[in-house]
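Accompanying notes for the structure given below.
The values are calculated or read from the model by the stated rules, or taken from the named source; none is laboratory data. Note that the coordinates shown come from a computational prediction; the quantities given were computed from them, not determined experimentally. Neighbour counts run over all protein chains shown; Cβ positions are idealised from the backbone, glycine included.
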Amino acid sequence: MAGTLALLLALSGCGQNAASGSTGSGAAQNTVSDSTQGDGTLDVLRVGLAALPTQLDPDYSIGIASIKLFYNIFDTLLFTDKEGNICGQLADSWEWQDDVTLNVTLREGITFQNGEPCTADDVKFTFDRILSGYGDGTIAVLYETLDSVEKINDLTVQFKLKKPDAAFEQRLGSIWGASIVPQDYVTEIGDEAFQTAPIGTGPYQLTEYSPEKYVLERYDGFWGEAPAARQIEFIAYPEASARMTALITGEVDIINDVPADAKDTIANTEGLNVVGTDIKNIHIYVFNTKNEDSIMSNQKFRQALTMAIDRQTLVDTLWTDYAKVPNGHQFESYGDLYIEDYEGVQYDPEKARELVKESGYDGEEVITIEMADGYYTNGNQAGEAIVGMWADIGVKAEVVYTDKFSFQADVRAWSSASRFDNPLGALWLLFGTGSSPANEETGSWTPTEEFIEAGNTLIDSTDLEEQRQAARTLMEVFDTYCPGTYLYQAEDLYGIRDGLEWDMTYCENQIMPFRAGDLKVTG
């Protein structure tokens, strides 16, 4: 990294000289101001990303790469505003008919980006598609209590639940939820083609798709207020040094995943700044508890692995101001369901060594940690550090980089994004019934009766104290049985050019919001 920082410092100096009038990168250095119109719009916003999604069908799958773009292209029925309130997005109104029946009426005059009207048929088609088992299940598990969706009239649909669900409006209002897609268009071109040529009702339409760059054009028929940028180019720069070079030399206006050790370099470059936020995402490890031929099936051994991780050192070493060690697998945004006095897993290497001995581990089996190279910010570094921490308690381990993930691995690096502000939207969604780790054939654990009961209580009960106890129980079971463990609540750091005022409230959901009210051009 020292060589990278030297390069960036040199580029930083070039950028400052160019701003003073020299040639070369100087023209690029003024990208924002040069393309700003008198009406406060921007011709082109260029965004450098560590990774681009491999497909853009929001009902097939959602990940931390695709969610950044989905918000700008698609809409959901309900939405959670910046104050945490459930409001209408495509929905004009919604009303409960009884405790399992919800009617939702669409706004009038909404069109998809091909000009076709958005109607109840499209809403029903979207949810039928999800409920049919289409995709990888990341959307379907969010609607575990939904039984069916029926059309009432051209603008009204009726949701029927399997049972009362106190969190159903939160599910519909999740930014990770069901983005409405056009029935006729999808039927015409097919599911596979839609993945690279999507149509939504949002303010931007995809006009160019390649492994290196996605181009979004502002949709003039959008039902809401027009955003500031006429065009957005999302450009892939997998290497951090390449992203930062592109920002410093003016090739792009915003970059994501700024490494902590390069923060000051960018912040000290004239015309640039670093902005950041904690995100509703906990980096986690999933443990394979079901392989009886491995020591990973031993609960005491898994407990030892969790206690041997010095999470605070990982945060202090790898992150900056926004990342933190949570007290359990939960988020402060849960409000009344945030269990403030829950301690979580405590770092205790002495106890971990005792548990390793009690587990019968012979010191020969090598525990593999599978992860995608560079996919999670600081994931590689954390993995190597944890290998050392486990070695300190007598456990052999190694990091294995792969592009093909399986829950059959000893340990799998993963992340837990909170789909909505409730334990049902994170810990339960990732490890409860219907989740990938809980799959009977391909999963890594069988949820305990206590865990399942707690999850069902959160769904069924309207009593706050019952819900709070259930939230605590979910974490207690997770930290005791150890189907995995959490590492830290992560952060996102962005480099941004002067002249852009970016409201990062929604960035905590890992999206990159560029709608009206999110991004303003000031210079």
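Structural remarks
- Residue within segment 496-506 that is assigned to a loop (DSSP other than H, G, I, E, B), under 21 Å from I339 (Cα atoms) and in contact with a strand residue (DSSP E or B) (Cβ under 6 Å, 6 or more places away or on another chain) present: no
- Residue in segment 174-185 that is nearest to F70 (Cα to Cα), counting only those that are among the small types (G, A, S) and in contact with an Asp or Glu (Cβ under 9 Å, 6 or more places away or on another chain): S179
- Residue list for segment 302-319, restricted to those being charged (D, E, K, R), surrounded by fewer than 21 Cβ atoms within 10 Å (Cβ to Cβ) and assigned to a helix (DSSP H, G or I): D316
- Residue, surrounded by the fewest Cβ atoms within 10 Å (Cβ to Cβ), within segment 144-160, restricted to residues that are in a strand (DSSP E or B) and in contact with an Asp or Glu (Cβ under 6 Å, 6 or more places away or on another chain): K160
- Filter pass, F478 being in the same structural domain as A246 (by TED's automatic domain parsing) and crowded, with 21+ Cβ neighbours inside 10 Å: no
- Test: residue in segment 93-107 that is modelled with pLDDT under 95 and more than 22 Å from G221 (Cα to Cα): no
- The numbered conditions (1) surrounded by fewer than 15 Cβ atoms within 10 Å (Cβ to Cβ); (2) more than 24 Å from F405 (Cβ to Cβ); (3) more than 27 Å from the chain's Cα centre (by Cα); (4) free of Cβ contacts under 8 Å to residues at least 60 places away in the same chain are all true for E292 except (2).
- Given (1) touching a Gly at 6+ places or on another chain (Cβ under 8 Å); (2) on the phi < 0 side of the Ramachandran plot; (3) at pLDDT 95 or above, number of the condition G394 does not satisfy: (2)
- T249, sole failed condition from (1) over 30 Å from E358 (Cα atoms); (2) of a type outside the set (D, E, K, R); (3) without any contact (Cβ under 8 Å) to a residue 60 or more places away in the chain; (4) out of contact with any strand residue (DSSP E or B) (no Cβ under 8 Å at 6 or more places or on another chain): (3)
- Options D492, D479; residue that is in contact (Cβ under 8 Å) with a residue 60 or more places away in the chain, of a type in the set (D, E) and not in a helix (DSSP H, G or I): D492
- Flag if V286 is part of a strand (DSSP E or B), at pLDDT 95 or above and either hydrophobic (A, V, I, L, M, F, W, C) or at positive phi (or both): yes
- Selection of first residues in segment 77-97 that are under 18 Å from N422 (Cβ atoms) and of second residues that are of a type in the set (S, T, Y) and assigned to a strand (DSSP E or B), restricted to Cβ pairs under 8 Å at least 6 apart or on distinct chains, gives the following pairs, ordered by first then second residue: I86/T80; C87/T80.
- Any hit, segment 191-201, residues being modelled with pLDDT of 95 or more, crowded, with 23+ Cβ neighbours inside 10 Å and touching a Phe, Trp or Tyr at 6+ places or on another chain (Cβ under 6 Å): yes
- Residue match in segment 128-143 (condition: among the small types (G, A, S), outside any helix (DSSP H, G or I) and closer than 14 Å to S174 by Cα): no
- Check on R353, crowded, with 21+ Cβ neighbours inside 10 Å and of a type in the set (K, R): no
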